[in-house]
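A.B. asks: Before anything else, here's the structure in question.
The values are calculated or read from the model by the stated rules, or taken from the named source; none is laboratory data. Since we're looking at a predicted model, the values are computed, not measured. Cβ placement follows ideal geometry from the backbone for every residue including glycine, while neighbour counts extend to all protein chains displayed. For accessibility, only protein heavy atoms count, side chains too; no ligands or nucleic acids. Shrake-Rupley method; radii C 1.70, N 1.55, O 1.52, S 1.80 Å.
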Amino acid sequence: MDIRDEIQLTAIEYFLHGNKKSILLIAPRVGKCRIALSILEKEGAKKVLVCYPRKDIKKSWLDEIELLGLQHLQIEYSTTLSLKRCLDEEYDYVIFDEIHEYSDNQLDVVDKLVETTSSIALTGTMTAGMEKNIAKRTGLVPCFKYTIEEAVRDGILCDYEINIHVVELDDKIPYYESKKGRKYTEAGWFKTNEFLRKKTNNPFFDNKLRNIVQNSLSKLRKTKALLRDSGDERVLIFCGTTKTADALGIPVYHSKNRNEENFIAFCEGLRDKIATINLARAGIKIVPIQRAIFNFMSGAPEPSAQSICRVLAKELWNPAKKAQIDIIISDTTHEKIRMHTALGFFDQTKIKWIN
């Protein structure tokens with residue numbers, strides 16, 4: 001029995017000896033789906049509902065059920081958006097996958113189901129604030145925790161290094177033209193909106209600042225340079241906008257180009273590069289990746305950690321693998337502050353700032 005099996009069995013025991021309405025907070029790659037399915041088997045559950053925030057997560061459940069030979073389970077599936085429609089049904093168990101992504105309104109629906117049904121909530125990353133909010137709205141609290149750093153320590157996830165590349169916003173190429181005909185570079189346009197944000201205290205300008213760094217010419221150039229240096233490594237690139245992803249000149253998979261052939265080929269290891277927005281964060285099985293490049297990273301720690309963990313899968317043929325995560329940010333206080341929040345789940349001694 002290896003360490004992953006031990007963690008899975010321990011999580012199952014903690015849940016079954018609790019009130020059977022709990023959160024399993026378990027690092028990615030440990031096998032949350034398998035743990036939940038094993039609980040259903042031990043409990044003899046007949047009718048089950050599996051809920052998830054993104055449609056692409058469903059495939060992982062179907063794959064795991066087929067792998068374990070559990071097709072006899074009567075499982076219904078629902079996205080969080082459709083969860084209200086399930087309130088009139090009766091289930092032996094309800095599974096809330098990736099519960100940290102649920103909105104407050106969706107958590108209120110979860111609360112109604114938890115009142116009458118045994119419930120397993122699953123997440124790999126959850127801040128203290130998120131944990132408190134979920135407990136307040138649903139009564140669900142973790143009965144078992146196994147963190148990302150524990151998984152790295154135990155060799156379930158590989159070791160990693162995070163390089164934060166700081167680039168100056170472009171101050172030469174025209175980026176924006178006002179209605180009065182005044183032209184701004186991206187550096188100039190950022191400073192203008194930053195000044196207006198401070199002067200007016202209007203949060204409208206937060207979106208303007210975010211949009212500028214998401215579509216930064218300087219960050220795009222740096223992303224392309226890192227791609228050229230990556231050779232034949234398998235690299236997953238996360239961008240902030242479809243415009244930036246499309247500009248990289250590699251296969252993409254995002255809301256405006258859901259090319260399933262591209263995405264499946266990358267997941268199965270038949271293609272070595274792909275750019276996405278956030279459609280490959282968690283809940284989807286992907287052949288191990290050596291490297292991730294973040295042209296843009298959200299300031300929220302949960303999605304940031306889920307995305308980084310995409311690269312931390314162990315490789316049997318490369319037991320000494322150290323994953324490389326490259327994050328590109330502008331030299332603005334706006335992005336620097338966000339990075340400190342985004343990387344809260346990771347060992348700060350493994351993070352290097354490169355100017």
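A.B. asks: Taking interchain pairs and intrachain pairs at least six residues apart, which have beta carbon atoms under 9 angstrom, with the first residue in the stretch 145-174 and free of Cβ contacts under 8 Å to residues at least 60 places away in the same chain and the second of a type in the set (F, W, Y) and open to solvent by less than 50 Å² (accessible area, probe 1.4 Å)?
C.D. replies: P174/Y184
A.B. asks: Looking at the stretch 306-343 only, could you name the residues that are among the aliphatic types (A, V, I, L, M) and either touching a Pro at 6+ places or on another chain (Cβ under 8 Å) or outside any helix (DSSP H, G or I) (or both)?
C.D. replies: Of the stretch 306-343, the ones among the aliphatic types (A, V, I, L, M) are 308, 311-313, 316, 320, 323, 325, 327-329, 337, 339, 342-343.
Across the stretch 306-343, the qualifying residues are V311, L312, A313, L316, A320, A323, I325, I327, I328, I329, A342, L343.
Here's the yes/no breakdown for (1) open to solvent by less than 20 Å² (accessible area, probe 1.4 Å); (2) out of contact with any Lys or Arg (no Cβ under 8 Å at 6 or more places or on another chain); (3) more than 30 Å from K198 (Cβ to Cβ); (4) modelled with pLDDT of 90 or more:
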| position | (1), (2), (3), (4) |
| --- | --- |
| F263 | yes, yes, yes, no |
| I277 | no, yes, no, no |
| N295 | yes, no, no, yes |
| A320 | no, yes, yes, no |
| D326 | yes, no, yes, yes |
| T333 | no, yes, no, yes |
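A.B. asks: What number of residues in the stretch 186-210 are open to solvent by less than 70 Å² (accessible area, probe 1.4 Å) and under 23 Å from the mean Cα position of the chain (by Cα)?
C.D. replies: Result for the stretch 186-210: 2.
A.B. asks: So how many residues does the stretch 235-260 have that are modelled with pLDDT of 90 or more, of a type outside the set (S, T, Y) and either in contact with an Asp or Glu (Cβ under 8 Å, 6 or more places away or on another chain) or not in a loop (DSSP other than H, G, I, E, B) (or both)?
C.D. replies: Kept after step one, since they are modelled with pLDDT of 90 or more, are these residues of the stretch 235-260: 235-252.
Filter once more, keeping what is of a type outside the set (S, T, Y): 235-240, 243, 245-252.
With the extra rule that they be either in contact with an Asp or Glu (Cβ under 8 Å, 6 or more places away or on another chain) or not in a loop (DSSP other than H, G, I, E, B) (or both), the set shrinks to 235-238, 243, 245-246, 252.
Residues that pass the stated criteria total 8.
Listed here are the residues, each with its yes/no results for (1) part of a helix (DSSP H, G or I); (2) open to solvent by 60 Å² or more (accessible area, probe 1.4 Å).
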{"position": "N19", "(1), (2)": "no, yes"}
{"position": "P28", "(1), (2)": "no, no"}
{"position": "L67", "(1), (2)": "yes, yes"}
{"position": "V114", "(1), (2)": "yes, no"}
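A.B. asks: Now for a separate question. Looking at (1) assigned to a helix (DSSP H, G or I); (2) touching a helix residue (DSSP H, G or I) at 6+ places or on another chain (Cβ under 6 Å); (3) at pLDDT 95 or above; (4) not polar (S, T, N, Q), which one does V50 not meet, given that it meets all the others?
C.D. replies: Only one criterion is unmet by V50, namely (1).
A.B. asks: Give the residue that is farthest from the chain's Cα centre (by Cα), with candidates limited to residues of the stretch 143-164 that are part of a loop (DSSP other than H, G, I, E, B) and surrounded by fewer than 16 Cβ atoms within 10 Å (Cβ to Cβ).
C.D. replies: Step one: of the stretch 143-164, the residues part of a loop (DSSP other than H, G, I, E, B) are 147, 154-156, 158.
Remaining after also requiring surrounded by fewer than 16 Cβ atoms within 10 Å (Cβ to Cβ): 147, 155.
Numbers: T147: 15, G155: 21 Å.
Among them, the one singled out is G155.
A.B. asks: Mind checking which residues of the stretch 99-134 are of a type in the set (A, V, I, L, M, F, W, C) and either farther than 23 Å from E149 by Cβ or in contact (Cβ under 8 Å) with a residue 60 or more places away in the chain (or both)? Spell out the reasoning first.
C.D. replies: From the stretch 99-134, those of a type in the set (A, V, I, L, M, F, W, C) are 99, 107, 109-110, 113-114, 120-122, 126, 128, 130, 134; that's our starting set.
Answer for the stretch 99-134, where residues must be of a type in the set (A, V, I, L, M, F, W, C) and either farther than 23 Å from E149 by Cβ or in contact (Cβ under 8 Å) with a residue 60 or more places away in the chain (or both): I99, L107, V109, V110, L113, V114, I120, A121, L122, M126, M130, I134.
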